[in-house]
Structures are given as structure tokens and as C-alpha cells.
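A.B. asks: Pasting a structure here, questions to come.
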Amino acid sequence: MNRSIVILAATAALVGCAATQLNASVHTQGTWPSGRNPGTYAFQRLPSQQADAPEQDRIEADARAALARAGFQPAPDGTAEVLVQLARRSGQIGGYVGPFGAPYGGPYGFGGIYGAGWRGGPWGWGYGAGWAFAPYDYGPVYFSEVAVLIVDARSQAPLYESRARSDTHAGGDRQIWSALFEAALRDFPYNAVSPRQVVVPLPAPAAAASAAR
């Protein structure tokens, strides 16, 4: 009985935290030129992204506020200074511990991510790092992750890459995705220590939805 109370208390604490803020692990790399302003941008879609335009429309809509906070402005057609590629993915990474021990705890490693559940068909970034989780038995855990790639529109040279990932006890909604894009671009244009933890406050509607799940 005491053990059950402890488990329930831990679950409530985790859900409560998710209801007010998003904690993300962020990785960034890049060679953004010193002194260069963010400037104007346009979204660039890969062929697989063009095949599912409605989904990519949603992904791009969720990222617009984060790009604006980083200093970017949408460009009129044909005049963008940088091109932005976006992708996201999510899923369940664990559940209750069964009779044979802990659930699978390393859902994937960075690198070679085609066909790994990304929505929007991302590029082949590689950070050489995997994810690991301690055993738990207090309910399902979900991951949500976004990826951002910024390239120079004229030279097509990659300038900045960032990913943000959150593991929670509640599924994501569109405000969760927006918060993840904000986390991914929080330190732009600097290459801060990777991985690092970034905390993004959640709006009230997202907080209520997370707490209700």
C-alpha cells in the first residue's frame, strides 16, 4: 500500500510539472556568421513533405512564433535570406513494468533518422548520442521532438541546426509543439552546450490539456 502511494505521488508530481512548463533537452550545431542578423525566411519542403502538405502546414504554423522570437521575419515570395526546414515526431517510449522487468528504455539514437517516425521527412543529422531511461512502473511516458535546420538561401550552406525533445507523462498538443520549437531556438544564434535543459512556460490552455490527460 505504501509503495502504491509513493508511485501515485510521483505520477502526480510529474503531471503537475508538465501542466505549467515544458522541460526539453536541446542539441544545437551551426556556423551562423558573426554579426549576421536573422533576416527574412521562407520554409523549404523536401519531396516527402510536399506529399503531405496539410501536415507540413501545421508543423510550420507551430514554428512561426519561435522563429519570430529568434528575430526572423517571413519573406515575400522569392526574397528570403534563409530557408527553414522543419520536422517533428512523437510516440510512447514506456509503460508499466511487466513480469520480465523494465520496458524498452532507448527508443532511438541520433543519426540515420529517416524512417524513424518523423513527420515531415527530416534530413540525416547525426549527433552520436542516444537516450536512456531508468526503470519505472508509474505509467506510460511519451516523447515529442522537433528538428529545425536553417540554410542560406543563396549558397544553400547549412547555418544552424537544432533539436528539442521532451519526455512527459502526457501527450502533446499544438501548444506543446510550439513550446518545443521555442526551446529549439531559445539560444539562437549561439551554439550552447549540448545537450542542455531548456524550460519553456506553457500557456494556460496547454497546461489544462496536459493536466487532464
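A.B. asks: Output the residues belonging to region 25-40 that are under 20 Å from the mean Cα position of the chain (by Cα) and within 27 Å of P76 (Cβ to Cβ).
C.D. replies: Selection gives G30 alone.
A.B. asks: In region 170-202, how many residues are of a type in the set (K, R) and assigned to a helix (DSSP H, G or I)?
C.D. replies: Counting residues in region 170-202 that are of a type in the set (K, R) and assigned to a helix (DSSP H, G or I) gives 1.
A.B. asks: Checking S155 against (1) touching a strand residue (DSSP E or B) at 6+ places or on another chain (Cβ under 7 Å); (2) at pLDDT 95 or above: exactly one of these is not met. Which one?
C.D. replies: (1)
A.B. asks: Here is a follow-up. Which of the residues that make up region 29-81 are part of a loop (DSSP other than H, G, I, E, B), touching a Phe, Trp or Tyr at 6+ places or on another chain (Cβ under 8 Å) and among the hydrophobic types (A, V, I, L, M, F, W, C)?
C.D. replies: W32, L46, A70, F72, A75, A80
A.B. asks: Same structure again: Among the residues of region 147-161, write down those that are touching a Gly at 6+ places or on another chain (Cβ under 8 Å) and not aromatic (F, W, Y).
C.D. replies: I150, P158, L159, E161
A.B. asks: Assuming V141 fulfils every condition listed in (1) at pLDDT 75 or above; (2) surrounded by 13 or more Cβ atoms within 10 Å (Cβ to Cβ); (3) under 28 Å from R45 (Cα atoms) apart from one, which condition is it?
C.D. replies: Among (1) at pLDDT 75 or above; (2) surrounded by 13 or more Cβ atoms within 10 Å (Cβ to Cβ); (3) under 28 Å from R45 (Cα atoms), the lone unmet condition for V141 is (3).
The values are calculated or read from the model by the stated rules, or taken from the named source; none is laboratory data. Source: prediction; values computed, not measured. Cβ atoms come from the backbone with ideal geometry, glycine included; neighbour counts cover every protein chain shown.
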